[in-house]
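Each remark here refers to the structure printed beneath this line.
Every number in this text was worked out from the coordinates using simple rules, so none of it is lab data. Predicted model only: the values in this text are computed from it and were never measured. Neighbour counts are summed over all protein chains in view; Cβ atoms, including those assigned to glycine, are modelled from backbone coordinates with ideal geometry.
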Amino acid sequence: MTDSEKIYSGLHLNLFLAGRPCVVIGGGKVAHHKIELLLEAGARVAVISPNVGAGVARLIESGAITHTVRPFEPPDIDRATLVYAATNSRAVNRQVLESCREKGVMCCCVDGNWAQSDFTTPATTRHNQLTVSVSSGGTDCRQSKMVKNSLARHLTMMGSANLVVVGTDHNHLTVEEREPFHLTGPRFEQAGFMIMQLWGIHEFMILNTCNRVEVIAIASDETERNGILRHIMGFTNMKEDKFYLLSGKKAYEHLCLVTAGMLSQTPGENHITAQMKNSLETAKQRGWAGNMTQEWVSTFLHVSKDIKTQVAPLLHNYEIEDLALKYLEANGTDLAASTIMVLGSGMIGKGLVKDSLPKVKKVIWCYHVNQPEVAAEWADKVELCTFNTMKERITEADIIISAAEAPGHLLHLGHAPFFNQERPVTVIDLGMPRNIDPELDDLSPDISVVDLDGLKYWYRRELTDMNDILARSRAIIAEHQDLYDKIANSFKGRDAAE
């Protein structure tokens, strides 16, 4: 086996040295460091050296270690569990190593003989019952120490690993106010990159939907308080009532309500469950989230299932695409005689096509890059077109509903000449950021543009008492308090030992 193969095939172990005899040959600064490591492990340490430095001398005076004042002799290691050869002489260290080999004692040389040693000592940091060791296999001790010091700062914040959520939604901002804060395109990746650099953020995910944008994190108390998450989200100059920063039990309650759809624009809707799962998967793929976030989200899903089971009978339980069609029917639109144009082939776009097919005359389905599959039973009523060619089909549409993920307006004033001027057209914008230029609504009395706020205000009039529904939902969450306590305590090292 070559030296390089030996370096990288090492097995990392946690040695129990309490009460065991260990020997350090040498008395300088390096020897002092090794002695302290052995003492931390509870070993009985004997030092063999004709001279010692100030640090080792203090340990001798305190009685923490024994000292033999002379050069190394082979019998010094006869009963040792392990030995450090830490003199300033490479030849002496080599002699120690060879003597250990003859007697079957593990030995570590702290100089150029290290590659022939039996073990190396990784850079180690401890926090409460947690020990983290970093090793380069002996090739780069400076890098190991840098990584260890970096992790040490992070570990000091593990004792306050709180669940935190910072965000805003349709209940705090109008569509127009909320639009600049949504993380679309490059802004999503940029926000994730910035959060990844923060001390005290152990894991996180970003929930970015048409109704809300939130960072869900497991973070230290200090990181929660210092305002950095608020700054990254762009909320620095925002009034306190326009966003929320919640932690602990309040964050837990909020996220259970969100996952159950109780804080959605259409309370009780199910899309948010898939969106929560997708956001978690995205975070895991990017290395933002792991087991801690997974455990929290699994709990939100579990509690939300109970909420939906008990509260759903009180709600109309519409999805956003159902709501759009209900709005059209409530405003006297003859769907059976209408051609509907759907912009977007994502989850909501597919839902719109599926739900509208039994009710409308024809569907024009517009997509950007990924051409949607059209089931055989839909073929006679569904026609496909791309965003680039949709202006040629606008004149056929009585209804246009947009639910695309786009960074800008898909329909704007430049499309005005393509609208049919002989009949009214209703345009519903389910996108966030908005897909439809709101100025189209002022262009002609025959063009009516409705955004998410418009649907919300209409739907709220249809709802039962949401205060009662939320009170019932919170009572169900309180019944699952044990789940919160179990997870919160486990992250702080209060559960059973490893």
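A few notes on this one:
- Projecting the Cα atoms of Thr395, Asn211, Met196 onto the charge dipole of the chain, computed from C-beta unit charges around the Cα centre, puts Met196 farthest toward the positive end.
- Between the residues Val425, Leu384, Ile436, the greatest Cα displacement towards the positive end of the dipole of segment 320-460, with unit charges on the Cβ of Lys, Arg, Asp and Glu, is found for Leu384.
- Under 5 Å between amide hydrogens, built in the peptide plane, is the criterion, and for Val425 it picks out Ile447, Ser448 among residues at least 5 positions away or on other chains.
- Using a simple spin-label model with pseudo-atoms 7 Å out from Cα toward Cβ, Lys361 and Met466 lie 3.7 nm apart.
- Euclidean distance of C-alpha centroids, segment 381-400 and segment 66-92, integer Å: 86 Å
- 0 to 90° range, to nearest 10: angle between helix 141-155 axis and the chain longest Cα axis: 50 degrees
- Cβ charges +1 (Lys, Arg) and -1 (Asp, Glu), total dipole of the chain, debye: 2340 debye
- Label-point gap, in nm, between Leu130 and Ser444 - each point 7 angstrom along Cα→Cβ: 6.3 nm
- Segment 3-121, dipole about Cα centre (Lys/Arg Cβ +1, Asp/Glu Cβ -1), debye to the nearest 20: 160 debye
- Computed over segment 355-498: relative contact order in percent, which uses C-alpha pairs under 8 Å that are six or more apart: 15 percent
- q = 0.12 Å⁻¹, the chain: log10 I(q)/I(0) [Debye, one scatterer per Cα]: -1.05
- Residue order, fewest to most surrounding Cβ atoms within 10 angstrom, among Ile469, Ile35, Ile218: Ile469, Ile218, Ile35
- Cβ-placed point charges (K, R +1; D, E -1), dipole of segment 320-460 about Cα centre in debye, nearest 20: 260 debye
- Relative contact order (%) - segment 3-121, alpha-carbon pairs under 8 angstrom, separation at least six: 25 percent
- Ordering Met432, Met238, Met196 by the number of other Cβ atoms within 10 Å of each residue's own Cβ, fewest first, gives Met196, Met238, Met432.
- Ala64 long-range amide H proximity, modeled H, under 5 Å: none
- Among Asp241, Asp453, the order by Cβ neighbours within 10 angstrom, fewest to most, reads Asp241, Asp453.
- Tilt relative to the chain, helix 248-259 - C-alpha long axis, 0 to 90 degrees, to 10: 40 degrees
- Think of it as helices only: each DSSP H run of n ≥ 4 in the chain is worth -39500 (n - 2.57), and spread over all residues that comes to -11000 deg cm²/dmol at 222 nm.
- Added length on full extension, which subtracts the Cα-Cα distance from 0.36 nm per residue, Ala376 to His480: 32.9 nm
- Summed side-chain charge close to Pro445 - residues other than Pro445 whose Cβ falls under 15 Å, Lys, Arg +1, Asp, Glu -1: -4
- For segment 320-460, lysine pairs separated by 8 or more sequence positions, or belonging to different chains, with Cα-Cα distances below 19 Å total 16.
- Across the chain, the mean sequence separation of Cα contacts (distance under 8 Å, 6 or more residues apart), normalised by length, yields a relative contact order of 10 percent.
- Radius 13 Å from Cβ of Ala406, net charge of other residues (Lys, Arg +1; Asp, Glu -1): -3
- Taking Cβ atoms as reference points and 12 Å as the exclusive limit, the residues near Ala251 contribute a net charge of -1, counting Lys and Arg as +1 and Asp and Glu as -1.
- The chain: angle of helix 291-311 to the longest principal axis, Cα-based, in degrees nearest 10: 40 degrees
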